[in-house]
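Engineer: Okay, here's the structure, questions in a sec.
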Amino acid sequence: MLNAITLLLLFQLIGETIARLGGLPLPGPVIGMALLFLTLTLRGNLPDSLRVTAGGLLQHLSLLFVPAGVGVVLYLSLIADQWAAISVSLLVSTVVTIAVSALVMLGFERLSGRRNAPEDKRSDTRSENGQ
């Protein structure tokens, strides 16, 4: 387990280093996770020690929400003052995220050639019926 945690922290450190030295707007842990994913993909398998350690961390993931909850309580008066702006930004960002996700999905479907448009299905039915 110690080796797996060391590996996870090493990739996080590499990501932080790349983000700081490169002046990238991405958080270091995100870069580190992408590098870990790339490494594991190239390797072709997931070591058992990493699988067990990641599973254990995921089982206790809810503990990571405690600091966020404390932060919300700490800044509750600020949130109460800015509730309208927060609500609008949450609503707009949710709608934009859904729209961008749909567009990306459609783009990948077109690239992969697996798109089955409804009009394609109608034309298949017509040709089967002799129309």
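The values are calculated or read from the model by the stated rules, or taken from the named source; none is laboratory data. Here the structure is a predicted model, which is why all the values come from computation and not from measurement. Reconstructed Cβ throughout: ideal geometry from the backbone, glycine too, with neighbour counts over all protein chains shown. Please note that ligands, DNA and RNA were not included when accessible areas were found on the heavy atoms of the full protein model with its side chains. Shrake-Rupley method; radii C 1.70, N 1.55, O 1.52, S 1.80 Å.
Engineer: On C-alpha positions alone, give me the angle between the axis of helix 2-22 and the longest principal axis of the chain, in degrees, nearest 10.
Structural biologist: 80
Engineer: Defining a contact as two alpha carbons under 8 Å apart and six or more residues distant in sequence, what relative contact order in percent does segment 6-68 show?
Structural biologist: Taking the mean separation of contacting Cα pairs over the length of segment 6-68, I get 24 percent.
Engineer: Just one of [x] 2, 7, 8, 9, 8, 8, 8, 7, 6, 6, 6, 5, 3, 3, 2, 2, 2, 2, 2, 2, 1, 1, 0, 0; [y] 2, 11, 21, 22, 20, 13, 8, 3, 0; [z] 2, 8, 8, 10, 12, 14, 15, 10, 7, 6, 4, 3, 2, 0 is P(r) over Cα pairs in 5 Å bins from 0, in percent as worked out from the coordinates here. Which one is it?
Structural biologist: [z]
Engineer: Give me the 1.4 Å probe accessible area per residue for segment 1-64, excluding ligands and nucleic acids, in Å².
Structural biologist: 76
Engineer: Determine the share of the chain's accessible area contributed by carbon and sulfur atoms, expressed in whole percent, with a 1.4 angstrom probe.
Structural biologist: Numbers: 7530 of 10830 Å².
C and S fraction of accessible area: 70 percent.
Engineer: Output the relative contact order of the chain, whole-number percent, from Cα pairs under 8 angstrom with separation of 6+ residues.
Structural biologist: It rounds to 16 percent for the chain.
Engineer: Sort 45-51, 6-12 for me by packing, meaning the mean count of neighbouring Cβ atoms within 10 Å per residue, highest on top.
Structural biologist: 6-12, 45-51
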